[in-house]
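The values are calculated or read from the model by the stated rules, or taken from the named source; none is laboratory data. Every value quoted in this text rests on a predicted model; they were computed, and no experiment measured them. Backbone-built Cβ (ideal geometry, glycine too); neighbour counts: all protein chains shown. Areas reflect the complete protein model, heavy atoms only, side chains present, ligands, DNA and RNA absent. Shrake-Rupley method; radii C 1.70, N 1.55, O 1.52, S 1.80 Å.
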Amino acid sequence: MSANIPGFDASGALMGAAAGFAAVWIMDRVDWFAYEHEDAAARERTKTVRPGGMDPAHVAADRIARRAGVTLEPRDHNPAGLAMHYAIGVVPAAFYGGFRESVPQISAGHGALFGMAMFLGHDEVMNPLMGLAVKPNAYPWQAHGRGFIAHLAYGLALETLLRLTDPRVRH
């Protein structure tokens, strides 16, 4: 079944979305572990340079809520920001799953290339361009390293979960 997009598989997209949800959860575990073991000065610098002290997903959720006349409480850890964070990972994973069979290069490096592309494209380029984060050079190198490793885990988890759930693959 296709969504009128050549090479797009809707069932693969659904599987990608589900695997993406789990991959975001795994990415978060990796990120939080690294964050909690990071140098305290680097953690503090990251908090200080973030717009409003919030991660990009919470900044986006806060902006949308304010435009709708709603105040999110707390601003930095709320369900709307968490939902935005998961959506940012699930939507691309759905496209990944939808095009995985027709564009096999998308899964290069067992999903590692996709995870790296998400880190570079989203964290390092789009977040600052959209004002959801400050310029990359404002963050300590540890924040970039942590983000890179976490997104690598996201890509690897996404592909692994899709392979494990693909009925065409013998386990």
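Of the solvent-accessible surface of the chain, computed with a 1.4 Å probe and all protein chains present, 67% belongs to carbon and sulfur. If I stretch the segment between Tyr86 and Asn4 completely, what's the gain in nm (0.36 nm per residue apart, minus their alpha carbon distance), one decimal? Gain on stretching Tyr86 to Asn4: 26.9 nm. Here the ratio of the Cα radius of gyration of the range 7-53 to 2.2 N^0.38 Å is 1.74. Taking every alpha-carbon pair in the chain and binning the separations at 10 Å intervals from zero gives 10, 35, 33, 17, 4, 0 percent. Based on the reciprocal of the average 1/r between different C-alpha atoms, the Kirkwood radius for the range 96-157 equals 12.3 Å.
The charge dipole of the chain, taken about its Cα centre with unit charges on the Cβ atoms of Lys, Arg (+1), Asp and Glu (-1) only, comes to about 200 debye. Considering helices alone, the calculated mean residue ellipticity of the chain at 222 nm is -20000 deg cm²/dmol, with DSSP H runs of length four and up weighted by -39500 (n - 2.57) and normalised per residue. Restricting things to alpha carbons, find the Rg to Rh ratio for the range 1-85 using the Kirkwood radius for Rh. Using Cα coordinates only, the ratio equals 1.11.
So, with +1 on the Cβ of K and R and -1 on the Cβ of D and E, and no other charges, what is the size of the charge dipole of the range 30-92 about its Cα centre, to the nearest 20 debye?
With only Lys, Arg, Asp and Glu charged at Cβ, the dipole is about 380 debye.
Protection proxy ranking of 126-134, 146-154, 158-166, by the mean of other Cβ atoms within 10 Å over each peptide's residues and highest first, is 146-154, 158-166, 126-134. In the full protein context, the chain carries 56 Å² of accessible surface per residue, based on a 1.4 Å probe and ignoring ligands, DNA and RNA.
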